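Right, one structure below, let's go through it.
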Amino acid sequence: MPPPINARLRFLGATGTVTGSRYLIESGRQRVLIDCGLYQGYKHLRRRNRKPFPVRPGSITAILLTHAHLDHTGYLPALFRSGCQAPVYCTPPTRDLCGLLLPDSGRLQEEEAQHARRKGYSKHKRPAPLYTEADAWAALRRFRPHPFGKQLDLGGGLSAEFIRAGHLLGAAQIRVRAGGKTVHFSGDLGQDRDPLMPPPEPFAGADVLVCESTYGDRLHPAISPEDELAGILAPFLKQKGIVLIPAFAVGRAQGIIYLLSRLMTAGRIPRVPVFLDSPMAADATEIYARHCAEHRIAQQDCAAVFQLPVRTNTVAQSKDLNTREGPMVIISASGMITGGRILHHVVNFGSRLQTMIVLSGYQAGGTRGASLAAGERRLRMFGQDYSINAQVAQLQTFSGHADADELLRWMAAGPAPAMTYLTHGEPEASDALRRRLAHELGRPSRVPEHLESIRIGKPS
């Protein structure tokens, strides 16, 4: 057995919130960052994106990514612009998806800054993006794809392994070994019955477990995603309504289009025009087709997903959608209505009673999607307030995250860690899961503080 190493784990993000996933393992001269996510949602959290990184970026020796979503990867371009030179290790599908998400994030930030300068609604005299598209491409040059299930030597007695997590194409749990101790990061764990992704591989035990708790206080309904979507859409589309579906371009959009195709083929919903107003979502579907071994759907079914929606690639084509009448379905990013083309469709169609906005996944606190889900019917977009008269429905079965029961079953599959740290959840969700861990599994757990540091092997 390797000699013990004096290693520490620091919680740099995703504590008390579902975004900003960032963890740091320090051992000797090694500083390994697990995830490098953007803070999203509430303004006081987003402000952290503008603060100096908690450790000197140039001192980081390696970065490991659980998956491609921006709350786990979206700060990378800013980190590299600040002097980081570390290699970025992730699974091959994660590298491919980051090649879509990171440049798009930089481009959107540049466009929003330009729009704010032009319209004058920013409090800053010269609003600037956190990073640019060029910064994102520079970060991508540091990526080093690594397969599932193969040990990765990080130097200094540290090693890591990527383990399938479900949730999203390429998503991984990360198991880090530091001498004789093991730290297991769950990443975001998928549902057992996800229509696209297989279930996560079971937890095999560790000295320290860092587990997500996004749905730690709730259960997914027993109804299937297909039945839920049919029940919401069928009566509305029969009345020639307009359906707006804000959807994450990677993962969620592909699942929704696939189920729409199945429902229309089965005659369970009317066959109406479907528009995919997200070039990135179409490109992401091609990536899903290239990595057939990593998801449940056969390649011929991925081709069917392409055939259903009309793709609107240009801005002019997107604007033309706002001149159309129903019935129709528009799928567009972003999934929490935080930016992108969906904002323009909500501005144009959101005031109409004949419109339905279907929220297709978890809505982080502070986002426009969360406001709609909570019953708010005025949204601020582009510096103005808009009344929302549209019907609002929130899908409960489409989440890419395991629910509380699934999280407990996953943890119970392996020996109890000395301590489980619950992160990546709102306070109520994390605390509910903490109580269930104690009462049902008899395992100690707690929610770490922001920037807290603990000694691996002797958690506080």
What are the pairs, 6+ residues apart or on separate chains, where a residue within region 247-270 that is on the phi > 0 side of the Ramachandran plot and among the β-branched types (Val, Ile, Thr) has its Cβ under 9 Å from a residue that is in a helix (DSSP H, G or I) and surrounded by 18 or more Cβ atoms within 10 Å (Cβ to Cβ)?
-> none
Provide a single number: the residues in region 307-366 that are closer than 28 Å to residue 403 by Cα and aromatic (Phe, Trp, Tyr).
-> 1
Restricting the search to region 174-205, which residues are closer than 27 Å to residue 301 by Cβ, under 15 Å from the mean Cα position of the chain (by Cα) and modelled with pLDDT of 95 or more?
-> 187, 188, 189, 190
Cβ pairs under 8 Å, 6+ apart or interchain, first in region 307-331 and part of a strand (DSSP E or B), second loosely packed, with under 15 Cβ neighbours inside 10 Å, ordered by first then second residue, are 310/273; 328/273; 329/273
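Do the conditions hold for residue 31, that is, is it surrounded by fewer than 17 Cβ atoms within 10 Å (Cβ to Cβ) and touching a residue at least 24 places away in the same chain (Cβ under 8 Å)? Can you show your working first?
On the way: surrounded by fewer than 17 Cβ atoms within 10 Å (Cβ to Cβ): no; touching a residue at least 24 places away in the same chain (Cβ under 8 Å): yes.
In short, no.
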With respect to the numbered conditions (1) under 30 Å from residue 108 (Cα atoms); (2) among the charged types (D, E, K, R); (3) not assigned by TED's automatic domain parsing to the domain that holds residue 145, which one is the sole condition not fulfilled by residue 296?
-> (1)
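Tally time: how many residues in region 347-391 are part of a strand (DSSP E or B) and surrounded by fewer than 19 Cβ atoms within 10 Å (Cβ to Cβ)?
Looking only at region 347-391, we keep the residues that are part of a strand (DSSP E or B), and these are 355-359, 378-381, 384-387, 391.
Retained after the next criterion (residues that are surrounded by fewer than 19 Cβ atoms within 10 Å (Cβ to Cβ)): 378, 380-381, 384-387, 391.
Final tally of qualifying residues: 8.
Among the residues in region 445-458, are any farther than 24 Å from residue 333 by Cβ, part of a strand (DSSP E or B) and either aliphatic (A, V, I, L, M) or touching a Gly at 6+ places or on another chain (Cβ under 7 Å) (or both)?
Applying the first criterion (farther than 24 Å from residue 333 by Cβ) to region 445-458 yields 445-458.
Now restrict to residues that are part of a strand (DSSP E or B): 445-446, 453-455.
Next cut, either aliphatic (A, V, I, L, M) or touching a Gly at 6+ places or on another chain (Cβ under 7 Å) (or both) only: 454.
For region 445-458, residues farther than 24 Å from residue 333 by Cβ, part of a strand (DSSP E or B) and either aliphatic (A, V, I, L, M) or touching a Gly at 6+ places or on another chain (Cβ under 7 Å) (or both): present.
To keep it simple, each residue is scored yes or no on (1) more than 25 Å from the chain's Cα centre (by Cα); (2) under 23 Å from residue 13 (Cβ atoms).
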position	(1), (2)
395	no, no
404	no, yes
421	no, yes
434	no, yes
440	yes, no
455	yes, yes
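Within region 406-426, which residues are acidic (Asp, Glu) and either farther than 16 Å from residue 445 by Cα or crowded, with 23+ Cβ neighbours inside 10 Å (or both)? Give the steps one after another, and end with the answer.
Pass one, region 406-426, residues acidic (Asp, Glu): 406, 426.
406 - this is the single residue of region 406-426 that is acidic (Asp, Glu) and either farther than 16 Å from residue 445 by Cα or crowded, with 23+ Cβ neighbours inside 10 Å (or both).
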Determine whether region 86-108 contains at least one residue that is surrounded by 20 or more Cβ atoms within 10 Å (Cβ to Cβ), of a type in the set (Phe, Trp, Tyr) and part of a helix (DSSP H, G or I).
-> no
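Could you pull out the residue among 163, 245, 174 that is outside the structural domain of residue 368 (by TED's automatic domain parsing), part of a strand (DSSP E or B) and surrounded by 24 or more Cβ atoms within 10 Å (Cβ to Cβ)? Steps first, please.
On the way: 163 fails: surrounded by 24 or more Cβ atoms within 10 Å (Cβ to Cβ); 245 fails: outside the structural domain of residue 368 (by TED's automatic domain parsing).
Answer to the check: 174.
The values are calculated or read from the model by the stated rules, or taken from the named source; none is laboratory data. From a predicted model like this one, the values you see are computed outputs, not experimental measurements. Using ideal geometry, Cβ is built from the backbone for each residue, glycine included, and neighbour counts are taken over all protein chains shown.
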